[in-house]
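Every number in this text was worked out from the coordinates using simple rules, so none of it is lab data. Just so it is clear, the structure is predicted and the values come from calculations on it, not from any experiment. Note: ideal-geometry Cβ built from the backbone for every residue, glycine included; neighbour counts use all protein chains shown.
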Amino acid sequence: KAGVTQTPRYLIKTRGQQVTLSCSPISGHRSVSWYQQTPGQGLQFLFEYFSETQRNKGNFPGRFSGRQFSNSRSEMNVSTLELGDSALYLCASSWNRDITNYGYTFGSGTRLTVV
Amino acid sequence: ELKVEQNPLFLSMQEGKNYTIYCNYSTTSDRLYWYRQDPGKSLESLFVLLSNGAVKQEGRLMASLDTKARLSTLHITAAVHDLSATYFCAAGTSGTYKYIFGTGTRLKVLA
């Protein structure tokens, strides 16, 4: 079965622009979480969506936002890009909010470079 | 607030040797996950540990959880080159659905 699909894989943007990243979870998975991965900070939790509602949010500024659609697909948006936003953005999906038995299934990520 | 620390950050070891990666977490957590990430790739789930004393093994990797000590270990037995990757632990608490990852341990197995 198809895994978690993230598009695009690579993105180069200029400071001040905005960007939208997309995540299609595994069919039947209803929970989607987003993480930012950088060499300096490691994996940091951005937010979690379930049933089209944001259930959890990490410690990121309001420039980072997201949403989830009725088909569980999710998008995250970053406005007014800064150089420090350059990172690998990972989406993870699970059947429900409780990942007790299997953990997350991660997508391959979108590598965002801000110049 | 839950914090997760891993050590060492980098580990270079000879094939055939044994070593252990440590994962400490700061507050009560009732679930611990281990993931593997190959360069340029995504994270792959390795182990899920849910109770004190839990031990799971897959090939040359064995993970354990001590909730009293707030410590999980990932033990590598007779390392082979294919195990070279970055290993992450992640802790969470039921009901919060927010999982905090450790800094990762970059393992390099030398032939």
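Values for this structure:
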| quantity | calculated |
| --- | --- |
| Test item: A:47-60 mean partner chain Cβ contacts at 10 Å | 1 |
| Inter-label distance for residue A:9 and residue B:22, nm, one decimal - labels placed 7 Å from Cα along Cα-to-Cβ | 3.9 nm |
| 3J(HN,Hα) from dihedral phi, the range B:15-25, Karplus parametrisation 6.51/-1.76/1.60, rounded to Hz, x for glycine, proline | 4, x, 8, 10, 7, 10, 9, 10, 9, 9, 10 |
| Per-residue ³J(HN,Hα) for the range A:39-46, Karplus 6.51 cos²θ - 1.76 cosθ + 1.60, θ = phi - 60°, Hz, x for Gly and Pro | x, x, 9, x, 8, 10, 6, 9 |
| Reachable lysines, given that their alpha-carbon falls under 23 Å from the alpha-carbon of residue B:17 and they are not under 8 places away in the same chain | B:56, B:108 |
| Simple spin-label estimate for residue B:66 and residue A:71 in nanometres, 7 Å along Cα-Cβ | 5.0 nm |
| Rounded to the nearest 20 debye, dipole of the protein assembly as shown from Cβ charges on Lys, Arg, Asp, Glu | 240 debye |
| With 10 Å bins from 0: P(r) over chain B, alpha-carbon pairs, percent | 16, 50, 29, 6, 0 |
| Given 11 as the ceiling on other Cβ atoms within 10 Å, longest exposed-site-free region of chain B for trypsin sites (Lys or Arg not before Pro) in DSSP loops | B:4-67 |
